[in-house]
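The values are calculated or read from the model by the stated rules, or taken from the named source; none is laboratory data. For clarity, every value in this text was computed on a predicted model and none was experimentally measured. Here the Cβ positions follow ideal geometry from the backbone for every residue, glycine too, while neighbour counts run over all protein chains shown. The area values use the complete protein model at the heavy-atom level, side chains included, leaving out ligands, DNA and RNA. Shrake-Rupley method; radii C 1.70, N 1.55, O 1.52, S 1.80 Å.
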Amino acid sequence: MPAQDEYVVEILRDFGLVNNDELSKARESAKAEGIGVVESLIKDGYITEADVTKCLATQFGMDVVSLADYAVPEDVLAMVPREIARRYKIIPCSKHDNVLTVAIGDPMDVETIDSLRYLLKINVEPVVAPKAEIEGALKRYYGDADGAVESMLDEISGVELIKPTGLTEDLTETEADAPIIKLVGLLIMEAYRNRASDIHIEPLEKRLRVRYRIDGVLHEVDNPPKRLQPAIISRLKLMANMSIAEKRIPQDGRIQIPVMGRVLDLRVSCLPTNHGESIVMRILDKTSLLLGLGDLGFFSDQQEVMNRVISLPDGIFLVTGPTGSGKTTTLYACLNSINRPDRKIITVEDPVEYQLSGINQVQVNAEIDLTFAAALRSILRQAPNIIMIGEIRDLETANIAVQSSLTGHLVFSTLHTNDAPSAVTRLIDMGVKPFLVASSCRAIMAQRLVRKVCQKCKEPHKPTAYEMQVLKLDPRELEKTTIYRGRGCPECGKTGYRGRTGVYEIFELNEEIRQLIYERVPSNVLRGRGREMGMRTLREDGVRKIMAGVTTAEEVISITQGDEN
């Protein structure tokens with residue numbers, strides 16, 4: 001309304017945000033373009049939408065809140081139905097006694113406040129938030145109104161659900177299929193579009209939560225209604241060849257299905273919980289197998305070490321780190337780079353995640369006593385040149401791996417330790433003799449995954465005093481380079497990060513290190529000597545990636561908190 005527009009203009013003038021010259025120019029532009037004066041002021045860059053919001057909030061005695069980093073409690077969120085939140089473009093923030101605090105975008109919208117008090121049957125106290133943040137929060141908590149999931153749910157409403165008996169040929173061509181099949185297919189397709197590595201479908205007491213793990217961080221997305229939980233779980237179990245009649249024990253399965261022109265491979269885990277069966281689907285990206293060492297985040301000097309180690313005729317190369325740190329991807333990339341017709345490569349894995357061309361892969365099966373140790377004893381008769389063991393879990397497997405390396409085989413495997421030198425202590429604690437560890441191990445590498453700064457919205461960042469101290473950054477080096485951080489944009493989902501890369505700690509064993517292992521020195525002594533000989537720690541490698549503009553100081557600190565410098 002023009003009268004309302006002029007009222008806002010007067011408030012902006014009273015607060016000193018615009019002057020008469022700017023107003024005159026804005027009025028001319030507004031008249032020529034057929035828009036409001038306030039809109040013209042924002043468009044011409046005299047003020048921002050945030051300026052208008054703050055001025056109006058102050059004028060009406062309301063507080064201004066930021067929803068970007070605000071987590072709305074579930075019980076508060078449940079007080080405002082999706083339809084009401086979307087219709088009035090509001091977000092519930094908190095509840096105290098019989099008062100519900102609600103974020104609105106327009107402080108002058110008195111009708112909305114009155115309507116909310118009537119519809120919600122509770123006293124409503126408004127606070128003001130930028131409209132863009134409210135839109136983002138609506139998508140985050142209530143789902144995307146324009147998205148396919150929302151329209152799918154509208155279609156499902158009132159439809160009698162049936163249990164699917166067959167699989168669709170393609171998730172993108174499901175017009176004739178049952179609505180529940182469309183919805184499940186859509187959940188998988190949206191995860192793929194968002195570069196998710198995992199899909200978590202978790203039954204809670206009053207709702208069914210869906211989360212995607214993107215770049216190692218879980219993000220909650222639009223949640224289907226709780227009433228669809230049995231149908232969704234049954235559909236996924238059918239697709240993964242699980243028993244839909246069995247709901248008391250964990251089950252595992254796989255789904256291979258075309259999505260957007262390519263075959264997607266998912267590893268599915270089903271776990272009974274208090275409120276139903278929880279399903280986690282790991283999306284296996286086969287493109288990572290084709291990556292070179294440089295694509296995984298190795299610098300040129302690290303690539304030289306890696307190429308030297310994986311070209312050895314015998315010995316053990318161990319990769320250590322927690323679950324989800326990219327150990328398997330690294331080993332597959334190593335195998336792929338040395339996979340030649342003159343070499344026979346056999347792997348023993350639990351489970352076999354990726355099918356590698358030209359490589360013999362054995363799936364461990366405990367039900368028929370095909371353990372790591374049993375499989376290893378058999379494959380040695382196959383005369384392989386290179387063996388990959390998915391994980392060294394016990395003394396028997398460790399001893400066979402050591403004996404294999406000492407009889408002319410190159411052995412790759414993984415171990416769960418925090419850093420590289422600790423792997424030596426771990427093997428000895430398992431029961432492997434120190435002289436065997438020293439004789440067989442050629443190199444041990446620890447690794448972690450850090451998020452890469454978004455290239456679309458990265459901006460220069462001056463490190464804080466804390467970051468300077470913890471990372472031991474050299475002020476003289478900072479004068480020669482620029483450190484970045486992500487501002488947050490639609491490309492990266494407002495996180496400031498897009499994609500991940502590795503940070504590595506490579507511990508090569510030489511005669512001096514082997515002598516220390518004979519003497520059974522503690523891992524901290526091995527670590528200290530390794531650093532004196534040039535080994536970079538995880539944090540030091542992370543600092544190099546900060547200086548190269550690959551990641552941020554905050555990310556390296558959070559990922560390498562257990563790394564001593």
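For the reader, a short list of remarks on this structure follows.
- Subset of the range 214-263 [closer than 30 Å to Pro73 by Cα, among the charged types (D, E, K, R) and not in a helix (DSSP H, G or I)]: Asp215, Glu220, Asp222
- Glu512 meets the stated requirement of being in contact with a helix residue (DSSP H, G or I) (Cβ under 9 Å, 6 or more places away or on another chain), outside any loop (DSSP other than H, G, I, E, B) and not hydrophobic (A, V, I, L, M, F, W, C).
- Ile35 being in contact (Cβ under 8 Å) with a residue 40 or more places away in the chain and within 45 Å of the chain's Cα centre (by Cα): no
- Flag for Asp369 being at pLDDT below 85, among the acidic types (Asp, Glu) and out of contact with any strand residue (DSSP E or B) (no Cβ under 7 Å at 6 or more places or on another chain): yes
- Residues that are more than 30 Å from Leu509 (Cα to Cα), surrounded by fewer than 19 Cβ atoms within 10 Å (Cβ to Cβ) and among the hydrophobic types (A, V, I, L, M, F, W, C) within the range 434-478 comprise Ala465, Met468, Leu478, listed in sequence order.
- Elements of type strands (runs of 3 or more DSSP E) contained in the range 410-501, each with 3 or more residues being not basic (Lys, Arg): 410-415, 441-453
- Of the residues screened, Asp314 is not one that is buried (at least 16 other Cβ atoms within 10 Å of the Cβ), within 30 Å of Ile201 (Cα to Cα) and either without any contact (Cβ under 8 Å) to a residue 40 or more places away in the chain or of a type outside the set (A, V, I, L, M) (or both).
- Some residue of the range 330-343 being farther than 24 Å from Arg426 by Cα and crowded, with 21+ Cβ neighbours inside 10 Å: yes
- Check on Leu290, of a type outside the set (Val, Ile, Thr), at pLDDT below 90, open to solvent by 70 Å² or more (accessible area, probe 1.4 Å) and within 30 Å of Asn307 (Cβ to Cβ): yes
- The numbered conditions (1) open to solvent by less than 70 Å² (accessible area, probe 1.4 Å); (2) in contact with an Asp or Glu (Cβ under 7 Å, 6 or more places away or on another chain) are all true for Lys247 except (1).
- Test: Ile11 is in a loop (DSSP other than H, G, I, E, B), surrounded by 15 or more Cβ atoms within 10 Å (Cβ to Cβ) and either without any contact (Cβ under 8 Å) to a residue 12 or more places away in the chain or at negative phi (or both): no
- Within the range 180-237, if we keep just the residues that are of a type in the set (Asp, Glu) and open to solvent by 50 Å² or more (accessible area, probe 1.4 Å), the residue that is farthest from the chain's Cα centre (by Cα) turns out to be Glu205.
To keep it simple, each residue is scored yes or no on (1) closer than 30 Å to Pro225 by Cβ; (2) among the polar types (S, T, N, Q); (3) within 28 Å of the chain's Cα centre (by Cα).
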{"residue": "Asp44", "(1), (2), (3)": "no, no, no"}
{"residue": "Val52", "(1), (2), (3)": "no, no, no"}
{"residue": "Pro73", "(1), (2), (3)": "yes, no, yes"}
{"residue": "Ala78", "(1), (2), (3)": "yes, no, yes"}
{"residue": "Thr101", "(1), (2), (3)": "yes, yes, no"}
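- Test set (1) surrounded by fewer than 17 Cβ atoms within 10 Å (Cβ to Cβ); (2) within 30 Å of Ile214 (Cβ to Cβ); (3) without any contact (Cβ under 8 Å) to a residue 40 or more places away in the chain - Cys492 fails condition number: (1)
- Beta carbons closer than 8 Å, at least 6 apart along the sequence or on distinct chains, pair a first residue in the range 347-358 that is modelled with pLDDT of 80 or more and buried (at least 19 other Cβ atoms within 10 Å of the Cβ) with a second that is outside any loop (DSSP other than H, G, I, E, B) and among the small types (Gly, Ala, Ser) for Val348/Ala375.
- Each residue in the range 365-399 was checked for being assigned to a loop (DSSP other than H, G, I, E, B), surrounded by fewer than 19 Cβ atoms within 10 Å (Cβ to Cβ) and among the β-branched types (Val, Ile, Thr), and 1 of them qualify.
- Within the range 18-44, considering residues that are open to solvent by 60 Å² or more (accessible area, probe 1.4 Å) and part of a loop (DSSP other than H, G, I, E, B), the one nearest to Gly105 (Cα to Cα): Asp44
- Test: residue in the range 31-44 that is among the aliphatic types (A, V, I, L, M) and over 23 Å from Glu135 (Cα atoms): yes
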